[in-house]
Structures are given as C-alpha cells and as structure tokens.
Amino acid sequence: MDPRTSRLRRKLAAIPFQPLRSHSFGEEQHEFRLGPKPAETRVAAFEAEHGIALPDAYRQFLTHIGGSGAAPFYGLMPLERCSLLVMNPREEPGAPRGFDDAEPRAHGRDLFLHIIEMGCTDVCVIAVTGPLTDRVLTGNGDGYWGPNVSSATDFLDWYERWLDHMSAGRDNRALELTSPRLRAHPNRHRMAPKT
C-alpha cells in the first residue's frame with residue numbers, strides 16, 4: 001500500500017471542520033464523503049473488460065481510500081460509471097482538443113479514463129496509456145477548452161494538492177477552489193487567478 005493513502009484519509013477527514021478552508025465547487029454534491037472501496041476482484045475485472053491496467057496511484061486510491069465521492073468538482077465517479085476516452089486529433093496548431101468515446105480495444109491511441117464528474121461536457125480524466133500515463137487532465141469533451149495536464153505526477157499527488165490548497169484557503173481555478181476572501185467579494189468569478 002502506498003504510504004500516502006493514510007495521510008490522504010487524515011487530511012480528507014479534517015477538511016469539513018476547517019473554518020478558513022477554500023470552498024470546493026461541487027462539494028455540496030459529495031459532502032466530502034467517500035463511497036465504498038471496490039474489491040480487488042472488481043477492479044481486476046474492470047481492467048480485463050477494458051483491456052487496460054489502471055494507473056497504480058489511482059488504483060491505490062480506489063482500493064484503499066474510496067471508490068467514489070469526495071474529489072474536486074462533483075466528485076469521483078464509481079468505477080462502473082467511468083468510461084474510456086480518446087483525445088480527438090489536432091485539427092489545427094494550437095486548437096483545443098476534445099475527447100470521444102474509445103472504440104473497444106482502441107489500439108494505437110492513447111486512452112484516458114473519465115473519472116470525475118465536472119458537469120456539462122467538461123471532463124476530468126486520467127491517462128491510462130501513452131506518454132501521459134498516471135497524469136490527470138481536465139478539458140472539454142467537445143474541445144471548447146483544454147485539455148490541461150496537471151503538473152502533479154500521479155492521481156494521489158493531484159488529490160493531495162486539492163486537499164492542501166483547500167486547507168490553506170487558497171484560490172485555484174484549475175481545481176475550482178475559492179478562498180474565503182474571494183468568496184466574499186461580489187466579483188469573485190473574474191478575480192480568481194488561473195493556476
């Protein structure tokens with residue numbers, strides 16, 4: 001078991017009781033609660049069904065912390081609701097790229113697993129194959145913005161960054177966190193820095 005998992009459980013348990021923490025968009029949906037951890041056999045069956053190996057850090061989270069719930073945006077989706085996506089080809093230099101459902105056993109294309117509900121056509125995915133494997137990306141399924149690749153090295157680092165920034169009362173538009181100071185400002189949506 002990854003040593004970060006017990007630290008993340010402690011941090012998550014403390015978040016709802018921190019009076020000066022940032023507000024996390026969608027927290028009313030998951031209320032910082034986690035769903036049941038899927039059994040190792042269920043995770044292995046999902047991998048076999050889709051012909052993939054889940055990134056280790058994400059797999060560790062599922063099997064040792066929680067299978068759904070508390071996460072940025074509207075929360076982590078249960079494994080049975082996750083779907084494999086491929087990034088659309090670049091149509092022109094610098095243009096944002098969207099995501100499409102992956103064909104079964106999509107060979108030769110980098111695969112991304114849609115793991116977090118963001119709302120509308122926005123997606124939060126983790127790369128399961130290719131050069132970005134283990135990295136979390138956010139984007140728009142239709143290609144209206146992004147994709148943005150997190151600088152966190154894997155899912156556990158990305159999740160801990162969310163908890164740490166929230167605990168510190170920081171603004172972070174990439175994670176949809178609003179500090180108490182900014183939340184009180186009438187023009188808060190225009191002022192949050194994009195980090």
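The values are calculated or read from the model by the stated rules, or taken from the named source; none is laboratory data. Only a predicted model underlies this, so the values are computations on that prediction, with no experimental measurement involved. Cβ coordinates were reconstructed from backbone atoms using ideal geometry, including for glycine residues, and neighbour counts include every protein chain displayed. The protein model used for the area step is the full one, side chains on, heavy atoms only, and it has no ligands, DNA or RNA in it. Shrake-Rupley method; radii C 1.70, N 1.55, O 1.52, S 1.80 Å.
Hey, His114 hits all of (1) assigned to a loop (DSSP other than H, G, I, E, B); (2) free of Cβ contacts under 8 Å to residues at least 40 places away in the same chain; (3) not acidic (Asp, Glu) but one; which does it fall short on? Here His114 clears every test but (1). Checking each residue in the stretch 13-56 for being more than 18 Å from Pro78 (Cα to Cα) and within 17 Å of the chain's Cα centre (by Cα) picks out His23, Ser24, Phe25.
How many residues, within the stretch 84-104, are open to solvent by less than 70 Å² (accessible area, probe 1.4 Å) and over 22 Å from the mean Cα position of the chain (by Cα)?
Let us first name the residues in the stretch 84-104 that are open to solvent by less than 70 Å² (accessible area, probe 1.4 Å), namely 84-88, 95-99, 102.
Restricting the remaining residues to those that are over 22 Å from the mean Cα position of the chain (by Cα) gives 95.
Residues in the stretch 84-104 being open to solvent by less than 70 Å² (accessible area, probe 1.4 Å) and over 22 Å from the mean Cα position of the chain (by Cα): 1 in total.
If only residues of the stretch 76-111 that are at pLDDT 95 or above and in a loop (DSSP other than H, G, I, E, B) are counted, the one that is nearest to Asp157 (Cα to Cα) is Met77. For the stretch 111-165, taking the residues that are of a type in the set (Val, Ile, Thr) and over 16 Å from Asp101 (Cα atoms), the one that is least open to solvent (accessible area, probe 1.4 Å) is identified as Val136.
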